[in-house]
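Visitor: One structure coming up, written as structure tokens, with questions to follow.
The values are calculated or read from the model by the stated rules, or taken from the named source; none is laboratory data. Values in this document were obtained by computation on a predicted structure and should not be read as measured data. Cβ atoms come from the backbone with ideal geometry, glycine included; neighbour counts cover every protein chain shown. These area figures cover heavy atoms from the full protein model, side chains too; ligands, DNA and RNA do not enter into them. Shrake-Rupley method; radii C 1.70, N 1.55, O 1.52, S 1.80 Å.
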Amino acid sequence: LLLDELGEEKLTEVLKFIAKVFGNFCTEGECYGYAGDGRFYLMSRFRSEKSLKDKIRLISSIINEFAILKSSNLTVKFNIGVYNTTEGRRKPISEMIDCAAIASETAKGNINALYIPYTNEANAEIERSQRIEAQMESSLENGEFKLFLQPKYNVKHDKIDSAEALVR
């Protein structure tokens, strides 16, 4: 959406500004990244959800004051996957990025979530979805899917006028 509104050159400037703001807020042992497709990841130390929320709200408000966004009457809404780097939870950076990505993945469709912290439950849900997807292709090849047509009744005309296709 921002690309359509701003064009590639201005969007690049906005992304550079966002990176600068995130960089200014990251302390030792913290880092951030942009994965494309509007997804940001943050590896941050936080003691409480409130401190994390306050930090991201401040970052968001600074970014949305950027001149290019203001002059275009646009607002950037964040949906940041966050991994807590507090002592005792350290992992290699690639694993922390994966965890932040998992957190971000669980927020798909939730445009009101400012940030999504990584949880073991989120990881388990992603793994479950991946297992199901991995089994789908072989199930299709083996003819394990069945098509059902569920009639849709039109009350106004007092008759069945269409059907919903269901695959089980």
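Visitor: Keeping to region 24-52, report how many residues are surrounded by 12 or more Cβ atoms within 10 Å (Cβ to Cβ) and at positive phi.
Guide: 2
Visitor: Please work out if Lys55 is surrounded by 14 or more Cβ atoms within 10 Å (Cβ to Cβ) and either touching a His at 6+ places or on another chain (Cβ under 8 Å) or in a helix (DSSP H, G or I) (or both).
Guide: yes
Visitor: If we scan region 107-130, do we find a residue that is closer than 22 Å to Tyr34 by Cβ, open to solvent by less than 80 Å² (accessible area, probe 1.4 Å) and among the charged types (D, E, K, R)?
Guide: No, the conditions are met nowhere in region 107-130.
Visitor: Still on this model: Kindly provide the set of residues from region 122-151 that are over 25 Å from Ile102 (Cβ atoms) and among the hydrophobic types (A, V, I, L, M, F, W, C), ordered by number.
Guide: Leu140, Phe145, Leu147, Phe148, Leu149
Visitor: Further question: Which of the residues that make up region 58-80 are in contact (Cβ under 8 Å) with a residue 12 or more places away in the chain and part of a loop (DSSP other than H, G, I, E, B)?
Guide: Asn64, Phe66, Ser72, Leu74, Val76, Lys77, Phe78, Asn79
Visitor: So if I check each of Gly33, Gly23, which one is modelled with pLDDT of 80 or more, out of contact with any Pro (no Cβ under 7 Å at 6 or more places or on another chain) and in a strand (DSSP E or B)?
Guide: Just one listed residue meets the conditions, Gly33.
Visitor: Please identify the pairs in which a residue from region 149-167 that is without any contact (Cβ under 8 Å) to a residue 24 or more places away in the chain has its Cβ atom under 7 Å from the Cβ atom of a residue that is in a loop (DSSP other than H, G, I, E, B) and open to solvent by less than 100 Å² (accessible area, probe 1.4 Å), counting only partners at least 6 apart or on another chain.
Guide: What qualifies is Val167/Phe145.
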